[in-house]
Amino acid sequence: MNEADQHTTETSEQRPTRGNRLYPRVTSFRSRRGSLTDPQQGTWDRLWPELGRDVGDDLLDIDGWFGRNAPTILEIGSGTGTAAVSMAQAEPHVNLIAIEVYKPGIAQTLQRIERTYGTEQPVHNLRVLRGDAVEVLEHMVAPESLTGVRVFFPDPWPKARHHKRRLLQAPTFALIASRLKPGGVLHVATDHAEYAVAIEEAGNAEPLLTAVEWDSPISHERPVTKFEGKAHQVGSAITELIWGKIGA
Ligand SMILES: C[S@@+](CC[C@H](N)C(=O)[O-])C[C@H]1O[C@@H](n2cnc3c(N)ncnc32)[C@H](O)[C@@H]1O
């Protein structure tokens, strides 16, 4: 069995079918209440139709969505969008897609985008996808289509019995690698030392990934994320891990 396929077959928590497949497997997130404040709802109503999509079964028309052909980077688990908006401003030549399951986080991302309108750096190159990033990668993103994938501060699920929930395990590395273009880059950051070791081992074991030994097509600079701010406050060390897709 292909490791990327294990996502759809490792189902210790099997839920109702959607379309003709079971979903999700053990997920890397838990459902949280998702009510919006009135201002968030207002921004949502204005921006979501153009900038947002729910996870679905159809391949994304990325060029159509952005209205241009440009290198595309996914940020998985974008939280409230602090880093996504900074990166979109720093990399206007890139199409950036932020994926998040938590609706209020997405609403805050949309608010951040809206606040840039009328400023010197309005953000027009960021879109948001609501749903499980694994499903997005499996069903909505074509193989060898991404220039970059960024995963900043994935939930560490520190208890051993929860490790199966961790996003960054061998099957996810295989899936991400399959969606990267040759020469594309996966950039991970975590403040959790033990998860960092596990991530590094799994990433190094993925045959399609290697150390980036060519001119990287994307910046390795990273804005401080909201979650990272909290990590700094308690003095946690940050581990930065970067791989490239072979075949550049
Ligand atoms: C620890 S937070 C970090 C958020 C942000 N990257 C930061 O550094 O501030 C992890 C985020 O990943 C999201 N998440 C976890 N699993 C996900 C998945 N499979 N697909 C999309 N988002 C996910 C969670 O909802 C949460 O917002």
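No value in this document is a laboratory result; all are computed from the given coordinates. Quick caveat: nothing in here was measured; it's all calculated off a predicted structure. Positions of Cβ are generated from backbone atoms using ideal geometry, with glycine treated the same way; all protein chains shown enter the neighbour counts.
Who wins for biggest fluctuation among Leu74, Leu36, Leu168 in a Gaussian network model of the chain, springs between alpha carbons below 10 Å?
Maximum among the listed residues: Leu36.
When a/c reaches 1.5 or more, the comparison of a/b and b/c decides; with that in mind, is the stretch 53-245 rounded, prolate or oblate per its Cα gyration tensor?
Here the stretch 53-245 falls in the rounded category.
Note down the nm distance, to one decimal, between modelled labels 7 Å out along Cα→Cβ at Ala193 and at Lys226.
Between Ala193 and Lys226, the simple spin-label model gives 2.8 nm.
For a Förster distance of 25 Å, can you work out the FRET efficiency between the beta-carbons of Val234 and Ala160, rounded to the nearest 0.05?
On the way: r = 22 Å, r/R0 = 0.88.
The calculated FRET efficiency here is 0.70.
From the phi angles alone, apply the Karplus equation (6.51, -1.76, 1.60; θ = phi - 60°) to the stretch 224-233 and give each ³J(HN,Hα) in whole Hz, x where the residue is Gly or Pro.
My calculation for the stretch 224-233 gives 5, 8, 4, 5, 4, x, 5, 4, 4, 4 Hz in order.
Hey, for a label at Arg115 modelled as a point 7 Å past Cα toward Cβ, could you say which residues of the stretch 53-80 have their backbone N under 15 Å away?
Those under the cut-off are 80.
Each residue of the stretch 40-53 in turn: what ³J(HN,Hα) in whole Hz from Karplus with 6.51, -1.76, 1.60 and θ = phi - 60°, glycine and Pro shown as x?
Karplus values, whole Hz, x for Gly and Pro: 4, 5, x, 5, 4, 4, 6, 9, 4, x, 8, 9, x, 9.
Take the alpha carbon gyration tensor of the stretch 133-203, find the square roots of its eigenvalues, order them as a ≥ b ≥ c, and report rounded if a/c is under 1.5; if not, report prolate when a/b exceeds b/c, else oblate.
Working: a/c = 2.38, a/b = 1.73, b/c = 1.38.
The shape class here is prolate.
Could you go through the stretch 134-141 in sequence order and give the Karplus-derived ³J(HN,Hα) for each residue, using 6.51 cos²θ - 1.76 cosθ + 1.60 with θ = phi - 60°, rounded to whole Hz, and x for Gly and Pro?
Using θ = phi - 60°, the values come out as 5, 5, 4, 5, 5, 10, 10, 10 Hz.
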